[in-house]
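For reference, the structure is listed below as structure tokens.
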Amino acid sequence: MDMHSVGTVALGTSGTSAEDVIAVARGNARIELTAEARTALAASREIVDALAAKPEPVYGVSTGFGALASRHIGPDLRAQLQRNIVRSHAAGMGPRVEREVVRALMFLRLKTVCSGHTGVRPEVAQTMADVLNAGITPVVHEYGSLGCSGDLAPLSHCALTLMGEGDAEGPDGEVRPAGELLAAHGITPVELREKEGLALLNGTDGMLGMLVMALADLDLLYKSADVTAALTLEALLGTEKVLAPELHAIRPHPGQAASAANMLAVLAGSGLTGHHQDDAPRVQDAYSVRCAPQVAGAGRDTMAHARTVAERELAAAVDNPVVLPDGRVESNGNFHGAPVAYVLDFLAIAAADLGSIAERRTDRLLDKNRSHGLPPFLADDAGVDSGLMIAQYTQAALVSELKRLAVPASADSIPSSAMQEDHVSMGWSAARKLRTAVDNLARIVAVELYAATRAVELRAGLTPAPATQAVIEAIRKAGVEGPGPDRFLAPDLAAAESFVRTGALVAAVEPVTGPLS
């Protein structure tokens, strides 16, 4: 693919922001090291060089690693030691992980390197930036990280590329030997010195990068789900009175208030809400409609907690050992992924519940016994046409998958390194399954959108809210067809998914409602 830079990100000593991670991972932004970072890198390297010259063994500088840390390594073998740790730890298996994940992983490792707490030379940090700026993406595999001692295997595959070894993908999308790609871009492979191999491997960077990107995606999906919930409420002729801010003020969860406000803004001016076609008027709407702000709001508050954890980690320098400002080089356990793993799992639980309530609303739209006058399955000629019956099957399958993905990875641990590393976080696994959950949630929201827009259009003689009309107009222009006889559904569902995933749904609403929360 072509590399189109969308700006420049400067890395100093004090961490980075979620926005910068996304700019590098997804937007191909260029990276520059600040003068402050270069000074800190040089100063911490002097400390490591001084320790390397001493006869006393120092972990990571002049010893083996993990359970092999008791062996003192002489100066003549230390370059080999650093090469060997990268080669031996680059032991991943399975499918390749996505380009954006690898770019986030490398950028976040560079963030810690630039903190001045790792003892890595400035030229190694610059090479890391050069590789990212050239659009070279190391081949990293799905399996190999236990989320402790860092994302070891994934980071090792990245370090291998810096050494000019292994395979990487070029900016054209072709996988080639890393040495060839570096040479083609005028990048000299690094020759690692004391501590540098270890410093390139020992971080929570993969799970953190995936957390940052998942939060960005979920922020959009939660807004989208508020819109689809509002459209379903409208199509079911429900009442918007339950969305009144004074009702949510007496249970002061900020996410709940935000979701209710979003739904109320979408429904402003609707001619459908509050109409009841039953013989007996409804006193209350079903939970999946009435409690939409409570469920989506709890998910939003979960995201706020996860964002706090991510911000702390983005400001952190994660390595072992670390170079402290007073010149000490100390072992620590900061590489343990538990803080990140927990929130990755928590987000998967919230995503599963949001998908579950969206599916219940969709099913209600399709059931003539509960849809308050809509045709069965929103079909054109029920019996001859099946309408959206199987779209709901697909949505239900996705919800069931989300429930399986909500089983926490971080509740598990498996010992490694001859029982030296006897409790691990499984944070990488939590991040990988969250990515799948986020993808499936987008599809679930898209099916509700598809059903709700069709249902609103089937309410002949009633005028939907201006925001709803804007959504229907935009989604029809995007190639998603409205009511009518049965047709090949998969292309419509794919177009609806793209409409949600790209932000087109939120973009269609906000000119009418103002910015959604």
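Are there any pairs with C-beta distances below 6 angstrom linking a residue in the range 161-184 that is of a type in the set (Asp, Glu) to a residue that is part of a loop (DSSP other than H, G, I, E, B) and buried (at least 19 other Cβ atoms within 10 Å of the Cβ), with the two at least 6 apart or on different chains, and if so which? Note: pairs meeting the criteria are 167/139.
Regarding residue 193, is this residue assigned to a strand (DSSP E or B) and either open to solvent by 20 Å² or more (accessible area, probe 1.4 Å) or among the aromatic types (Phe, Trp, Tyr) (or both)? Answer is no for this residue. The single residue among 283, 318 that is touching a Ser or Thr at 6+ places or on another chain (Cβ under 7 Å), more than 23 Å from residue 350 (Cβ to Cβ) and among the aliphatic types (A, V, I, L, M) turns out to be 318.
Restricting the first member to the range 223-247 and to residues that are over 23 Å from residue 375 (Cα atoms), and the second to residues that are polar (S, T, N, Q) and surrounded by 24 or more Cβ atoms within 10 Å (Cβ to Cβ), the beta-carbon pairs closer than 6 Å and six or more apart or on different chains are 226/259; 226/262.
Residues that are among the acidic types (Asp, Glu), buried (at least 24 other Cβ atoms within 10 Å of the Cβ) and not in a helix (DSSP H, G or I) do not occur anywhere in the range 227-236.
Pairs linking a residue in the range 15-40 that is closer than 12 Å to residue 110 by Cα to a residue that is part of a loop (DSSP other than H, G, I, E, B) and at pLDDT 95 or above, with Cβ atoms under 7 Å and 6 or more positions apart or on different chains, are 15/315; 15/316; 33/114; 37/12; 37/13; 37/114. Close Cβ contacts (under 7 Å, 6 or more residues apart or on different chains) running from residues in the range 73-97 that are in contact (Cβ under 8 Å) with a residue 40 or more places away in the chain to residues that are open to solvent by less than 80 Å² (accessible area, probe 1.4 Å) and of a type in the set (S, T, N, Q) comprise 78/62; 86/156; 89/156; 90/156. Cβ separations smaller than 8 Å between residues 6+ apart or across chains give the following pairs from the range 502-516 residues that are farther than 23 Å from residue 443 by Cβ and of a type in the set (S, T, N, Q) to residues that are open to solvent by 10 Å² or more (accessible area, probe 1.4 Å) and part of a helix (DSSP H, G or I): 513/265.
Yes/no matrix, rows are residues, columns are (1) in contact with a Pro (Cβ under 9 Å, 6 or more places away or on another chain); (2) farther than 24 Å from residue 58 by Cα:
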{"residue": "140", "(1), (2)": "yes, yes"}
{"residue": "146", "(1), (2)": "no, yes"}
{"residue": "165", "(1), (2)": "yes, yes"}
{"residue": "176", "(1), (2)": "no, yes"}
{"residue": "200", "(1), (2)": "no, no"}
{"residue": "207", "(1), (2)": "no, yes"}
{"residue": "212", "(1), (2)": "no, yes"}
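Would the range 312-335 turn up any residue that is of a type in the set (S, T, N, Q), over 23 Å from residue 407 (Cα atoms), at pLDDT 95 or above and open to solvent by less than 20 Å² (accessible area, probe 1.4 Å)? So far as the range 312-335 goes, no, none of its residues is of a type in the set (S, T, N, Q), over 23 Å from residue 407 (Cα atoms), at pLDDT 95 or above and open to solvent by less than 20 Å² (accessible area, probe 1.4 Å). Within the range 8-23, track down each residue that is in contact with an Asp or Glu (Cβ under 9 Å, 6 or more places away or on another chain), in a helix (DSSP H, G or I) and among the β-branched types (Val, Ile, Thr). Of everything in the range 8-23, just one residue is in contact with an Asp or Glu (Cβ under 9 Å, 6 or more places away or on another chain), in a helix (DSSP H, G or I) and among the β-branched types (Val, Ile, Thr), namely 22.
Close Cβ contacts (under 7 Å, 6 or more residues apart or on different chains) running from residues in the range 275-293 that are loosely packed, with under 15 Cβ neighbours inside 10 Å and of a type in the set (D, E, K, R) to residues that are modelled with pLDDT of 70 or more and part of a loop (DSSP other than H, G, I, E, B) comprise 278/372.
The values are calculated or read from the model by the stated rules, or taken from the named source; none is laboratory data. What you see is a predicted model, and the numbers here were worked out from it, not measured in a lab. Cβ coordinates were reconstructed from backbone atoms using ideal geometry, including for glycine residues, and neighbour counts include every protein chain displayed. For accessibility, only protein heavy atoms count, side chains too; no ligands or nucleic acids. Shrake-Rupley method; radii C 1.70, N 1.55, O 1.52, S 1.80 Å.
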